[in-house]
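To start, the structure itself, in structure tokens.
The values are calculated or read from the model by the stated rules, or taken from the named source; none is laboratory data. As the structure is a computational prediction, the values presented were derived from the model and not from experiment. As a convention, Cβ positions derive from the backbone with ideal geometry for all residues, glycine included, and neighbour counts pool all protein chains shown.
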Amino acid sequence: MEIFAYLEKYDYEQMVLCQDKQSGLKAIIAIHDTTLGPALGGTRMWTYSSEEAAIEDALRLAKGMTYKNAAAGLNLGGGKTVIIGDPRKDKNEEMFRAFGRYIQGLNGRYITAEDVGTTVADMDIIHEETDYVTGISPAFGSSGNPSPVTAFGVYRGIKAACKAVYGTDSLEGKVVAVQGVGNVAYNLCRHLHEEGAKLIVTDINKDAVQRAIEEFSAEAVNPDDIYAVECDIFAPCALGAVINDETIPQFKAKVIAGAANNQLKETKHGDIIHELGIVYAPDYVINAGGVINVADELSGYNQERALKKVEQIYNNIEKVIQIAKRDSIPTYMAADRMAEERIERMRNSRSQFLQNGHHILSRR
């Protein structure tokens, strides 16, 4: 892999290799773009097949965070960290303390958070060495469990997508097929039920399904049957790549809007559902409630203020749909264009983010 050629081709700003012999730390911090502000993105710990695979994942995820943060309206750029190792057996305090010192050394260009393979407890250890970390324990001023806030944002996005299709954002009487009933989806189901939607749910966790039946009067179906049910809205809230060659012919819904990441198996599937007249709410726009929530910690967390920002996901989905109509493109392309247009506007008036006295975090 020709590192500098790759960074130049995709407009990456910085990649930092971090190692600490004593603790076994081997990490890659990738910073994609800081036009809008310091790069925010979580720390993932995974058993990668090679160092090159870890680098590629860090770079891919960092770019994704640039688009997610920009589309969410945050004054933050995109970054990501991957730590090479087994999160079940390779973690130790020294590792995260050493990693925290590397973050501190970037002087605010990068802010981390929890991700796959890391926990709130890990973030607390990092916090011993740096303030540039979010998603720490509530005792330190964190926002706590992000699932309810993420769910609220998805709920708002579903309403906006429904308005585009059905002429009203009311969900009363609408049939919503929810794939997965985990923490985020459970809270989403609560919002949908309270507005009078009828729920059809599935999950490999039978207890989660039973809870939805009892609390929300949901109808349950087998996991393989959820794609073909008669419904108005399909809400994927579990697996990625669920919009694919096999599932698209089964869809009855006119709206696809849910919390899952990477819902399109390939971009061509976004083109296909667009041609079929299905309105797709791009995943990184509709599920941005979590990152909006943790970003609020940087100003001293205020739940009411954070929820007001998350409400704007409704407007963001509306804008994506407007751009799709304006430019005659699928919504997944429109989401990228919305993010890119915002970054370009700011690029004309701001240079790369470099920490100075005017940008010190308020909680320091």
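Annotations for the structure displayed:
- Qualifying position, being farther than 21 Å from residue 165 by Cα, modelled with pLDDT of 95 or more and in contact with a strand residue (DSSP E or B) (Cβ under 9 Å, 6 or more places away or on another chain), among 242, 279: 242
- Top-ranked residue of the stretch 161-175 - restricted to ones that are β-branched (Val, Ile, Thr) and in contact (Cβ under 8 Å) with a residue 40 or more places away in the chain, ranked as farthest from residue 313 (Cα to Cα): 175
- Residues of the stretch 225-272 that are assigned to a strand (DSSP E or B) and either within 20 Å of residue 159 (Cβ to Cβ) or in contact (Cβ under 8 Å) with a residue 40 or more places away in the chain (or both): 233, 234, 235, 236, 255, 256, 264.
- Failed criterion for residue 91 (all others in (1) at pLDDT 95 or above; (2) within 23 Å of the chain's Cα centre (by Cα); (3) over 14 Å from residue 16 (Cβ atoms); (4) buried (at least 20 other Cβ atoms within 10 Å of the Cβ) hold): (2)
This table checks each residue for (1) over 28 Å from residue 340 (Cβ atoms); (2) free of Cβ contacts under 8 Å to residues at least 24 places away in the same chain.
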| position | (1), (2) |
| --- | --- |
| 68 | no, no |
| 81 | no, no |
| 88 | yes, yes |
| 91 | yes, no |
| 99 | yes, no |
| 107 | no, no |
| 135 | no, no |
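- Matching residues in the stretch 200-224 - criterion: being free of Cβ contacts under 8 Å to residues at least 24 places away in the same chain and under 15 Å from residue 173 (Cβ atoms): 219
- Against the numbered list (1) of a type in the set (A, V, I, L, M, F, W, C); (2) in contact (Cβ under 8 Å) with a residue 60 or more places away in the chain; (3) in contact with a helix residue (DSSP H, G or I) (Cβ under 7 Å, 6 or more places away or on another chain), residue 1 comes up short only at (2).
To keep it simple, each residue is scored yes or no on (1) in the same structural domain as residue 255 (by TED's automatic domain parsing); (2) buried (at least 16 other Cβ atoms within 10 Å of the Cβ); (3) of a type in the set (Lys, Arg).
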| position | (1), (2), (3) |
| --- | --- |
| 301 | yes, yes, no |
| 307 | yes, yes, no |
| 310 | yes, yes, no |
| 316 | yes, yes, no |
| 322 | yes, no, no |
| 325 | yes, no, yes |
| 331 | yes, yes, no |
| 335 | yes, yes, no |
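- Under the condition of being more than 20 Å from the chain's Cα centre (by Cα) and either of a type in the set (Val, Ile, Thr) or surrounded by 23 or more Cβ atoms within 10 Å (Cβ to Cβ) (or both), the residues counted in the stretch 234-252 number 2.
- Residue match in the stretch 71-89 (condition: in contact with a Leu (Cβ under 7 Å, 6 or more places away or on another chain), part of a helix (DSSP H, G or I) and of a type outside the set (Ser, Thr, Tyr)): no
- Any hit, the stretch 308-320, residues being closer than 25 Å to residue 60 by Cβ, part of a helix (DSSP H, G or I) and touching a Ser or Thr at 6+ places or on another chain (Cβ under 7 Å): yes
- Of all residues making up the stretch 123-154, the number that are in contact with a strand residue (DSSP E or B) (Cβ under 7 Å, 6 or more places away or on another chain) and assigned to a helix (DSSP H, G or I): 3
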